[in-house]
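Data first, discussion second: the structure below is written as structure tokens.
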Amino acid sequence: MRSAASDSSNFETKVTHMVRHYLSVTDFTPTETLALLQRAHTLKAAWHAQQQEFPLRGQTLALVFEKPSLRTRVAFEAGMTQLGGHGSYLSANDIDMGGRESVADVAHNLSRWVQAIAARVFKHQTVEQLARFATVPVINALSDLEHPCQALADMLTLYEHCPALHTATLAYVGDGNNVCHSLMLIGALLGVQMRVACPPDYRPHPDVVEQAQRLAVVHGQQISITAVPEEAVAGADAVYTDVWASMGQEHEAARRRPVFAAYQVNQPLLSYARPDALVMHCLPAHRGEEITAEVIDGPQSVVFEQAENRLHVQKALILTLLELAAGSQSSR
Ligand code: CP
Ligand code: NVA
């Protein structure tokens with residue numbers, strides 16, 4: 001990983017008069033992404049050394065959540081507190097975006113009070129619309145298309161175990177969903193060899209696959225997609241899975257279960273990976289469905305490291321976006 005300092009020249013050239021948002025992992029260049037991970041790593045060390053600084057005193061992050069959350073919400077709220085600021089949580093019951101008030105009006109209002117907005121939405125277009133009308137940075141806290149904050153935490157976790165990311169192989173087994181999309185894209189950005197195994201009818205979106213393939217080429221890599229889990233997992237450094245039915249798809253759970261049964265991450269499948277391969281999951285997990293209890297609670301599992309790293313990457317992300325926004329204001 002290169003140091004944040006060595007990335008600074010590129011970083012400066014990205015400052016424009018536009019507010020920068022983080023709706024997709026591809027909103028940051030590979031250099032910016034590495035700088036962000038480096039910053040998260042530094043913040044993590046400071047947190048563990050109980051060294052505190054409060055650069056965001058008096059600042060507020062609005063948390064607009066249409067869906068439930070444990071990790072994302074608490075990591076943002078605790079992160080803001082630790083930085084001296086405040087997280088203001090707004091559930092669907094509170095504001096009912098698009099119902100009680102239009103997405104545009106929510107964006108206009110929040111921009112008058114807070115310094116940034118994190119939004120967890122059903123439709124990706126909703127977070128895009130928020131970003132279109134907000135004059136403060138908007139962060140995608142999960143949409144049907146991407147889960148970029150999760151992917152940042154996953155890359156920090158992978159980096160901590162395999163510092164040469166461009167030599168690491170990550171196998172994702174299961175549904176070609178939002179988590180899979182962000183992982184494929186960020187893996188491609190950082191030169192991680194990505195392999196995806198999913199049932200033929202549940203492959204990642206073709207546009208995302210194409211975008212990831214284009215990004216991967218820069219590193220001489222290719223994203224491989226297969227229907228055979230053993231093929232994806234063979235010799236992998238990390239094996240990742242997620243629920244078979246995401247939030248909003250609960251009604252499909254029974255129909256999906258038999259389709260995904262062969263994609264369960266269990267001990268026999270894990271035995272195809274490297275003996276010390278990491279077991280990864282974004283959580284929440286359904287033990288006995290996409291992953292066995294033996295594997296997720298076993299010695300190779302890093303799922304709670306991933307969860308902890310949500311805190312550090314989200315703090316780094318807020319700080320970076322606010323600095324970019326301040327730079328944009330002062331250059332007007
Ligand atoms: N992984 C994750 O985003 O968890 P939450 O849904 O609890 O925020
Ligand atoms: N794919 C899952 C991730 C939850 C963090 C979902 O969207 O529900």
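Return the pair list, or none, for Cβ contacts closer than 9 Å from residues in the stretch 217-236 that are of a type in the set (Asp, Glu) to residues that are in a loop (DSSP other than H, G, I, E, B), at least 6 apart or on different chains.
GLU230/TYR272; GLU231/TYR272
Is there a residue being at negative phi, away from ligand 2 (no atom under 16 Å from the Cβ) and either among the basic types (Lys, Arg) or out of contact with any helix residue (DSSP H, G or I) (no Cβ under 8 Å at 6 or more places or on another chain) (or both) anywhere in the stretch 68-76?
Looking for residues that are at negative phi, away from ligand 2 (no atom under 16 Å from the Cβ) and either among the basic types (Lys, Arg) or out of contact with any helix residue (DSSP H, G or I) (no Cβ under 8 Å at 6 or more places or on another chain) (or both), one finds none in the stretch 68-76, hence no.
With the structure loaded, tell me whether ARG310 is among the basic types (Lys, Arg), away from ligand 2 (no atom under 16 Å from the Cβ) and out of contact with any strand residue (DSSP E or B) (no Cβ under 9 Å at 6 or more places or on another chain) or whether it fails that test.
No; evaluated as a whole, the condition is false for this residue.
Out of all the residues in the stretch 80-103, is one or more basic (Lys, Arg), crowded, with 16+ Cβ neighbours inside 10 Å and not in a helix (DSSP H, G or I)?
no
Please specify each residue of the stretch 120-137 satisfying the condition of being among the aliphatic types (A, V, I, L, M) and within 12 Å of VAL103 (Cα to Cα).
Within the stretch 120-137, VAL121, VAL127, LEU130, ALA131, ALA134 qualify.
Out of the stretch 221-272, which residues are closer than 19 Å to MET194 by Cα and of a type in the set (D, E, K, R)?
Selection gives GLU230, GLU231, ASP237, ASP242.
Can you spot a residue in the stretch 175-187 that is away from ligand 2 (no atom under 16 Å from the Cβ), more than 21 Å from ALA307 (Cβ to Cβ), in a loop (DSSP other than H, G, I, E, B) and not hydrophobic (A, V, I, L, M, F, W, C)?
no
Scan the stretch 279-300 and tell me whether some residue there is in a loop (DSSP other than H, G, I, E, B), hydroxyl-bearing (Ser, Thr, Tyr) and either at negative phi or more than 16 Å from ligand 2 (Cβ to nearest atom) (or both).
yes
Filter the stretch 51-79 down to residues that are under 16 Å from the mean Cα position of the chain (by Cα) and loosely packed, with under 12 Cβ neighbours inside 10 Å, then give me how many there are.
Final tally of qualifying residues: 1.
So which of ALA253, ALA212, ALA234 is more than 16 Å from ligand 2 (Cβ to nearest atom) and either more than 19 Å from the chain's Cα centre (by Cα) or modelled with pLDDT under 95 (or both)?
After ruling out the rest, the residue left standing is ALA234.
Of all residues in the stretch 167-179, which are out of contact with any His (no Cβ under 9 Å at 6 or more places or on another chain) and either modelled with pLDDT of 95 or more or surrounded by 24 or more Cβ atoms within 10 Å (Cβ to Cβ) (or both)?
THR169, LEU170, ALA171, TYR172, VAL173, GLY174, ASP175
I'd like to verify a number: residues in the stretch 116-160 that are surrounded by fewer than 21 Cβ atoms within 10 Å (Cβ to Cβ), away from ligand 2 (no atom under 16 Å from the Cβ) and part of a loop (DSSP other than H, G, I, E, B), how many?
1
Given the residues HIS48, HIS21, HIS41, which is the only one that is away from ligand 2 (no atom under 16 Å from the Cβ) and free of Cβ contacts under 8 Å to residues at least 60 places away in the same chain?
HIS48
Counting just the residues of the stretch 45-77 that are among the small types (Gly, Ala, Ser) and outside any strand (DSSP E or B), which one comes out nearest to SER102 (Cα to Cα)?
Looking at residues that are among the small types (Gly, Ala, Ser) and outside any strand (DSSP E or B), I get SER69.
Kindly provide the set of residues from the stretch 238-255 that are surrounded by fewer than 20 Cβ atoms within 10 Å (Cβ to Cβ) and in contact (Cβ under 8 Å) with a residue 12 or more places away in the chain, ordered by number.
Across the stretch 238-255, the qualifying residues are SER246, MET247, GLY248.
Consider ASP201 against the criteria (1) in contact with a Ser or Thr (Cβ under 6 Å, 6 or more places away or on another chain); (2) more than 23 Å from ALA40 (Cα to Cα): it satisfies all of them except one. Which criterion is unmet?
(1)
Would you please name the residue that is surrounded by the fewest Cβ atoms within 10 Å (Cβ to Cβ), looking only at residues in the stretch 260-278 that are in a loop (DSSP other than H, G, I, E, B) and of a type outside the set (Ser, Thr, Tyr)?
Per the criteria, the residue is PRO275.
Scan the stretch 219-247 for residues that are in a helix (DSSP H, G or I) and more than 16 Å from PRO275 (Cβ to Cβ) and jot them down.
PRO229, GLU231, ALA232
The values are calculated or read from the model by the stated rules, or taken from the named source; none is laboratory data. If you're wondering where the values come from, they're calculated on a predicted model, not measured in any experiment. Cβ atoms come from the backbone with ideal geometry, glycine included; neighbour counts cover every protein chain shown.
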